[in-house]
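Notes follow once the structure below has been shown.
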Amino acid sequence: MRKLVYYVAGTLDGFIAAPDGSYDFFPLEPDVVAHLVATYPQTLPTFTHAQFGIDRPEGRFDAVVMGRGTYDPGLAAGITSPYAHLRQYVFSRSLPPAAEPEVEIVAGDPVAFVRALKAQPGKDIWLAGGGQLAGQLLPEVDELILKLNPVVVGSGIPLVTRGFDPRRFTLVDARPFDSGVVILRYARSEGSPGSQD
């Protein structure tokens, strides 16, 4: 079965974006960018591929799910298909259907939709954000990859927005960089609610 992987940048105090949804306070450090290009090229927007020398972004994902807040910044800049190399699912009850064939606007229940998606053949599914969608989908998250940035912001959009509902994850890998960023990879712990074990 396909895995849902929540792969996102975060701060030391648990935020993934500013209160207005911006994330420009996360610098693109050269050592981290080199790692992302080599390891997770599919998580870089399609329009950046030429800049980073990516010809065909091969990797573990063939689909991305995101909330409207994650999709909107690109849309405001005229980018209607930010990850054209992936099948894109945007959860929104107010957006009209997308013109691009690789983008699907989903108005229904995210949990039921992702469960059905995970049961279909294919590669893993990247959960790009935001916090509200991640909160709804937390029971379905099989792996969490957090690019932990050495910054404290005080407020903003949290990693997940959800009522108190502890979910345990097991650290699988930690990769520190000279820039101070640490990429932490966690798997859902055995026996956790929603675990397949």
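The values are calculated or read from the model by the stated rules, or taken from the named source; none is laboratory data. All figures in this text were calculated on a predicted structure; none of them were measured in a lab. Cβ: placed from backbone, ideal geometry, glycine included. Neighbour counts: every protein chain shown.
Somewhere in the stretch 69-78, is a residue of a type in the set (Asp, Glu), within 15 Å of the chain's Cα centre (by Cα) and at pLDDT below 95?
Step one: of the stretch 69-78, the residues of a type in the set (Asp, Glu) are 72.
Filter once more, keeping what is within 15 Å of the chain's Cα centre (by Cα): 72.
Within this subset, residues satisfying the condition of being at pLDDT below 95 are 72.
Looking for residues that are of a type in the set (Asp, Glu), within 15 Å of the chain's Cα centre (by Cα) and at pLDDT below 95, one finds at least one in the stretch 69-78, hence yes.
Taken over the stretch 12-41, the residue count meeting the criterion of being over 17 Å from the mean Cα position of the chain (by Cα), within 28 Å of Arg162 (Cβ to Cβ) and not aromatic (Phe, Trp, Tyr) is 4. Taking the conditions (1) over 30 Å from Asp109 (Cα atoms); (2) out of contact with any helix residue (DSSP H, G or I) (no Cβ under 8 Å at 6 or more places or on another chain) in turn, Ile54 satisfies each one other than (2).
Taking the criterion of being under 14 Å from Val65 (Cα atoms) and touching a Gly at 6+ places or on another chain (Cβ under 8 Å), would at least one residue in the stretch 153-165 satisfy it? No, the stretch 153-165 has no match at all. All of Phe164, Phe113 fail the test of being among the aromatic types (Phe, Trp, Tyr) and assigned to a helix (DSSP H, G or I), apart from Phe113. For the stretch 86-101, give me each residue that is modelled with pLDDT under 95, closer than 19 Å to Phe47 by Cα and buried (at least 16 other Cβ atoms within 10 Å of the Cβ). Within the stretch 86-101, Ala98 is the sole residue that qualifies. Anything in the stretch 55-67 that is buried (at least 18 other Cβ atoms within 10 Å of the Cβ) and at pLDDT 90 or above? List them, or say none. Correct list: Phe61, Ala63, Val64, Val65, Met66, Gly67. Annotation: of all residues in the stretch 1-32 being in contact with a helix residue (DSSP H, G or I) (Cβ under 7 Å, 6 or more places away or on another chain) and farther than 16 Å from Met66 by Cβ, the one that is surrounded by the fewest Cβ atoms within 10 Å (Cβ to Cβ) is Met1.
Test of understanding: among Arg60, Arg115, Arg87, which residue is of a type outside the set (A, V, I, L, M, F, W, C) and in contact (Cβ under 8 Å) with a residue 60 or more places away in the chain? Give the derivation first.
Working: Arg115 fails: in contact (Cβ under 8 Å) with a residue 60 or more places away in the chain; Arg87 fails: in contact (Cβ under 8 Å) with a residue 60 or more places away in the chain.
It is Arg60.
Inside the stretch 116-144, can you point out the residues that are of a type in the set (D, E, K, R), within 13 Å of Arg87 (Cα to Cα) and assigned to a strand (DSSP E or B)? Hit for the stretch 116-144 is Asp124, nothing else.
Could you pull out the residue among Gly108, Gly130, Gly122 that is in contact with a strand residue (DSSP E or B) (Cβ under 6 Å, 6 or more places away or on another chain) and surrounded by fewer than 16 Cβ atoms within 10 Å (Cβ to Cβ)? Walk me through it before giving the result.
Numbers: Gly108 fails: in contact with a strand residue (DSSP E or B) (Cβ under 6 Å, 6 or more places away or on another chain); Gly130 fails: surrounded by fewer than 16 Cβ atoms within 10 Å (Cβ to Cβ).
After ruling out the rest, the residue left standing is Gly122.
Before we move on, is Gly154 crowded, with 21+ Cβ neighbours inside 10 Å, in contact (Cβ under 8 Å) with a residue 60 or more places away in the chain and of a type in the set (Gly, Ala, Ser)?
Working: crowded, with 21+ Cβ neighbours inside 10 Å: no; in contact (Cβ under 8 Å) with a residue 60 or more places away in the chain: yes; of a type in the set (Gly, Ala, Ser): yes.
No, not satisfied.
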